[in-house]
Amino acid sequence: MSDKVRIYQLTKELGIDTKQMLALLDSIGVEYKSHSSTLDNETAETVRQLLHDESDKRAARASRTAVAEPAIQRPKGPLRPPVVTVMGHVDHGKTSLLDFIRKAKVAEGEAGGITQHIGAYQAQTPSGLITFLDTPGHEAFTTIRQRGATVTDIAVIVVAADDSIMPQTREAIAHAKAAKVPIIVAINKIDLPQANIDRVKRDLVKVELAPEDYGGDTIAVPISAKTGQGIDQLLEMISLVAELEDLRAPQTGLASGTIIESVLDKRAGVLATVLVQRGTLKVGDSLVSGEVWGRVRAMSDFSGVRLQEAGPSTPVQVLGFSEQPHAGDRVEAVVSDQVAKALVSERIAARQEQVVQRDKRAVTLAELFGQSKRQRLNLVLRADTQGSLEAIKGVLAREAATSDEVEVNLLFDAVGAPTEADLLLASTAEAIVMSFGVTAPGSVKKSAERYGIEMREYRIIYDLIDDVKRLIRGQVEPVFAEQLLGRAEVRLVIKVPRSGNIAGSYVTDGLIRRGAKARVLRGGKEVYKGSIAQLRRFKDDVREVATGFECGINLQNYDHVQEGDVIECYDLVEVKA
């Protein structure tokens with residue numbers, strides 16, 4: 001036997017549960033970082049003796065019971081297969097890895113292999129089933145998360161042994177960390193003569209994914225997606241991590257899950273890939289997903305085999321939706337079509353109401369200043385050169401060290417202009433995007449506005465440093481006070497088709513200004529708060545109307561103004577400290 005043995009290898013040899021092994025090691029005072037940590041030969045022999053000595057078995061059972069006591073907090077239901085997403089840099093072998101697993105572990109013995117590709121499949125391993133999501137990459141992974149779906153249990157990051165850590169690798173790691181899922185690194189292409197596994201491991205340390213043999217606790221498995229070397233060990237590691245995560249879900253009751261993808265087939269209609277996460281989905285069930293409903297007319301698995309029902313962690317292709325549901329939307333089975341239609345109608349009505357009332361709020365620096373104390377601040381950083389990037393990171397580290405109240409979490413940093421991937425990451429982690437010396441493309445800026453993400457661009461490094469200092473030191477959010485501009489009394493309500501109601505008003509005090517903030521008072525109580533969309537004098541659009549003049553006021557998204565109402569017009573002015 002070699003001088004050292006990994007904990008998971010000893011666990012397998014002795015035929016006990018991983019949690020039992022860790023509990024036993026705790027009981028005899030052995031320090032370890034994870035189930036992939038190594039034990040010396042003497043410690044391993046001690047463990048063997050404890051398990052085979054009858055008197056010591058009682059102590060081992062007591063330690064196992066002690067570990068099992070907190071099980072009240074575990075998810076309810078039987079164990080379910082883990083759901084795994086594979087990510088990494090282009091050309092590092094992500095697709096090759098998935099293809100090898102698909103052929104060797106899914107279509108084993110089948111002529112022609114997989115008959116149907118549905119964006120997800122299950123692989124059979126000695127430790128049980130593993131569900132793989134076949135996504136285009138980390139952006140799709142985060143897009144699903146952005147919609148609120150918690151789908152992935154484990155992320156596998158593929159790194160080529162001849163290329164090491166590349167920009168998309170770092171992005172994939174950042175996205176996986178933001179999702180707060182366990183990460184396993186697959187070091188691919190070890191069959192190549194220029195492969196350098198040690199270099200990859202050293203680079204993993206730099207991105208805070210230190211392998212176990214480098215003093216960390218990240219599982220790094222050398223593999224070759226071409227020859228199949230190491231694939232079995234990778235699948236074993238996935239199963240071991242899943243065992244430690246204790247993944248459970250109820251198998252009875254109405255099903256719920258997540259839409260992975262949907263397509264419109266010219267002959268069949270809408271086909272949606274559904275990952276069942278709770279309960280059992282059955283043919284004939286009524287479904288609701290977002291603002292779409294349907295009934296399961298037919299259901300098939302990843303190999304095209306027709307199914308009558310599917311349990312947790314099972315990916316299935318469902319036929320029967322009335323329209324295409326969105327990837328990442330929740331899907332739930334309900335008791336009848338009538339209930340499904342009613343839920344969809346309610347959601348459509350609620351969305352329309354939100355469109356009218358919603359005041360979309362971005363995560364701004366001002367808000368972060370106010371929320372920063374005793375909280376983590378998430379940042380995405382871009383710069384024009386590596387030198388600028390390192391300088392700014394140095395400022396972040398130095399200023400963060402001066403504060404006990406603020407923890408700075410630099411999610412991702414790179415040279416170049418901000419990208420759509422940066423926005424997805426920022427949206428998921430509620431981060432702010434800072435860039436120095438580079439300008440985001442117009443399409444990215446429009447996406448930032450749509451997502452409600454604050455982007456700050458700097459040309460002078462001292463301006464960026466000043467903002468960073470204020471951010472880290474947790475300065476108070478700016479205080480704004482209302483400055484009254486004027487009041488108008490509504491004397492006549494004019495109904496204008498397609499334009500909404502116009503409040504024929506008389507300005508009694510100050511002035512009324514187009515575009516300014518406004519409120520409507522009725523009987524001394526505020527019934528509306530918004531802004532003035534249009535302001536008219538007779539047939540002319542005007543910018544403002546002074547005291548003693550009549551005017552027509554059209555309020556933004558408000559048609560319920562009444563005679564006798566008072567319209568107050570005001571500005572928000574920052575109060576200097």
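May I ask you to verify whether residue 234 is out of contact with any Asp or Glu (no Cβ under 9 Å at 6 or more places or on another chain) and crowded, with 21+ Cβ neighbours inside 10 Å?
Values: out of contact with any Asp or Glu (no Cβ under 9 Å at 6 or more places or on another chain): yes; crowded, with 21+ Cβ neighbours inside 10 Å: yes.
Yes: the conditions hold for residue 234.
Restricting the range 302-352 to residues that are among the acidic types (Asp, Glu) and in contact with a Ser or Thr (Cβ under 7 Å, 6 or more places away or on another chain) leaves a set whose member that is surrounded by the fewest Cβ atoms within 10 Å (Cβ to Cβ) is 337. Among the residues of the range 494-514, the one identified as loosely packed, with under 15 Cβ neighbours inside 10 Å and either small (Gly, Ala, Ser) or not assigned by TED's automatic domain parsing to the domain that holds residue 538 (or both) is 499. The single residue among 165, 184, 190 that is under 19 Å from residue 134 (Cβ atoms), of a type outside the set (Asp, Glu) and in contact with a helix residue (DSSP H, G or I) (Cβ under 9 Å, 6 or more places away or on another chain) turns out to be 184.
Looking only at the range 319-333, decide whether some residue is among the acidic types (Asp, Glu), touching a strand residue (DSSP E or B) at 6+ places or on another chain (Cβ under 8 Å), outside the structural domain of residue 129 (by TED's automatic domain parsing) and assigned to a strand (DSSP E or B).
As a first pass, look at the range 319-333 and keep what is among the acidic types (Asp, Glu): 323, 329, 332.
Subsequent filtering for residues that are touching a strand residue (DSSP E or B) at 6+ places or on another chain (Cβ under 8 Å) retains 323, 329, 332.
Those still in the list that are outside the structural domain of residue 129 (by TED's automatic domain parsing) too: 323, 329, 332.
Within this subset, residues satisfying the condition of being assigned to a strand (DSSP E or B) are 332.
So far as the range 319-333 goes, yes, one or more of its residues are among the acidic types (Asp, Glu), touching a strand residue (DSSP E or B) at 6+ places or on another chain (Cβ under 8 Å), outside the structural domain of residue 129 (by TED's automatic domain parsing) and assigned to a strand (DSSP E or B).
Can residue 64 be described as more than 19 Å from the chain's Cα centre (by Cα), crowded, with 23+ Cβ neighbours inside 10 Å and either within 23 Å of residue 180 (Cα to Cα) or at pLDDT below 85 (or both)? Considered against the rule, which asks whether it is more than 19 Å from the chain's Cα centre (by Cα), crowded, with 23+ Cβ neighbours inside 10 Å and either within 23 Å of residue 180 (Cα to Cα) or at pLDDT below 85 (or both), residue 64 comes out as no.
Yes/no matrix, rows are residues, columns are (1) touching a Gly at 6+ places or on another chain (Cβ under 7 Å); (2) part of a loop (DSSP other than H, G, I, E, B):
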position	(1), (2)
260	yes, no
277	yes, no
284	no, yes
296	yes, no
339	no, no
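Check the range 37-46 and report whether any residue there is hydrophobic (A, V, I, L, M, F, W, C), surrounded by 17 or more Cβ atoms within 10 Å (Cβ to Cβ) and either assigned by TED's automatic domain parsing to the domain that holds residue 170 or at pLDDT 65 or above (or both). Yes. Output the strands (runs of 3 or more DSSP E) that fall wholly within the range 385-471 and possess 1 or more residues being over 21 Å from the mean Cα position of the chain (by Cα), modelled with pLDDT under 85 and β-branched (Val, Ile, Thr), or say none. The strands (runs of 3 or more DSSP E) meeting that bar are 406-415. Has the range 537-547 got any residue that is in contact with a Gly (Cβ under 7 Å, 6 or more places away or on another chain) and either farther than 17 Å from residue 486 by Cβ or not in a loop (DSSP other than H, G, I, E, B) (or both)? Among the residues of the range 537-547, not one is in contact with a Gly (Cβ under 7 Å, 6 or more places away or on another chain) and either farther than 17 Å from residue 486 by Cβ or not in a loop (DSSP other than H, G, I, E, B) (or both), which makes the answer no.
The values are calculated or read from the model by the stated rules, or taken from the named source; none is laboratory data. Keep in mind that what you see is a predicted model, and the values were worked out from it rather than measured. So basically every Cβ, Gly included, is an ideal-geometry build from the backbone, and we count neighbours across all protein chains shown.
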